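Chemist: Quick one: the structure is below, questions incoming.
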Amino acid sequence: MSRTKKLAVLASTTAAAAVTVAMTATPAMAWTAGNFTATLNGTMVINAGIPAECTGSTLSGTIDANGNLTITSASVSGCGVTVTPNNLPWSGSLNNGVAKLNGFSMSAIGCTYGGNLTGSFTGANNLPVTANFANQTVNRTSGWLCPGSATVTAKYNFAAA
């Protein structure tokens, strides 16, 4: 191999190694840890055979640098019936475009439904973001003569508090 080709091979190998080191050494983008408030964007629909449309809901809590959520407060209003969030705190996460709420639980008219909600979020890995949970099934956890499951659809705007 000629001296010029050897230098070219050496230079391209060195450049490739430098790019590999730079790419693997770059840390993942972290969230700014702190308090958040998530406000309902539109309506929340809880459907257990008869849909209840709620016009207001707020979630609040903390987010850590990895996007893990602790929801310490939840409220729901404008449903036509009283809907009560239960079993707080809930956990969750905002990670790689996936939004999760774990331990979600709400009661209305003597029926309680709970489970985990999984949706998507838009925005960078930092607040504000919008999380969308569409047709998420939650199971009946208590109540007599209540349907065995319900679906939940809601969109929340998460912002630093």
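Chemist: Per residue, how large is the accessible surface of region 49-145? Use a 1.4 angstrom probe and give square angstrom.
Modeler: 49
Chemist: Would you mind computing, in nm to one decimal, how far apart the modelled labels at Thr32 and Thr72 are, each placed 7 Å from Cα along Cα→Cβ?
Modeler: My value for the distance between the label points is 2.0 nm.
Chemist: What FRET efficiency, computed as 1/(1 + (r/R0)^6) with R0 = 22 Å and r the Cβ-Cβ distance, is obtained for Ala160 and Asn86, rounded to the nearest 0.05? Walk me through the numbers before you get to the answer.
Modeler: Details: r = 26 Å, r/R0 = 1.20.
Efficiency, from the Cβ-Cβ distance: 0.25.
The values are calculated or read from the model by the stated rules, or taken from the named source; none is laboratory data. This one's a predicted model, so the numbers in the text were calculated from it and none came from an experiment. Ideal geometry is used to build each Cβ from the backbone, glycine not excepted, and the neighbour counts take in all protein chains shown. The area values use the complete protein model at the heavy-atom level, side chains included, leaving out ligands, DNA and RNA. Shrake-Rupley method; radii C 1.70, N 1.55, O 1.52, S 1.80 Å.
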